Amino acid sequence: MQRDIGLLILRLGFGGFMLFSHGWSKLVNFSEIAPNFPDPIGLGGQVSLALAVFAEVFCAAALMLGIFTRFVSIPLIITMLVAAFIVHSADPIGKKEFALLYNFVFMALFFTGAGDFSVDKFLKK
């Protein structure tokens, strides 16, 4: 039970911060941000922004609820790796730190799953 409470805290905390501190502003200001959004993987700024919004809003919300936790962790992991090693590649480690910290938590949730306090638990039944 303590493990499951810990996983719930991680999902709610890191998913919530990702959603509300990073993703929400990108979603509601999409048209203003898109023309100047970085294109780190060569798909265009608008597509890159859409992928970031998908991960940071929709996958983060699903992570908080514990819906398909392992699956929705993958776009979050990729987004944080792109942020740390491509977007901030020339920056000092301090600029990469938040992306890497998020990434470690999302990787841990990928391997552990959501725990008992999740929609995933009910879907297994």
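Numbers below:
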| quantity | calculated |
| --- | --- |
| Compactness index (Cα Rg / 2.2 N^0.38 Å), the chain | 1.08 |
| Partner lysines for residue 95 [C-alpha distance under 22 Å; skip if fewer than 8 residues away on the same chain] | 26 |
| Least to most buried among 5, 77 (fewest other Cβ within 10 Å first) | 5, 77 |
| Volume per residue of the C-alpha convex hull in the range 46-88, rounded to whole Å³ | 58 |
| Förster radius 22 Å - calculated FRET efficiency between residue 97 and residue 36, Cβ distance, rounded to 0.05 | 0.40 |
| Extension reserve of the residue 111-residue 21 stretch, reckoned as 0.36 nm per residue once the Cα distance is removed | 29.9 nm |
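Read-outs throughout are calculated quantities, based only on the coordinates presented, and are distinct from any laboratory measurement. Treat the numbers as computed from the prediction; the structure is a model and nothing was measured. Every residue, glycine among them, receives a Cβ derived from its backbone with ideal geometry; neighbour counts consider all protein chains shown.
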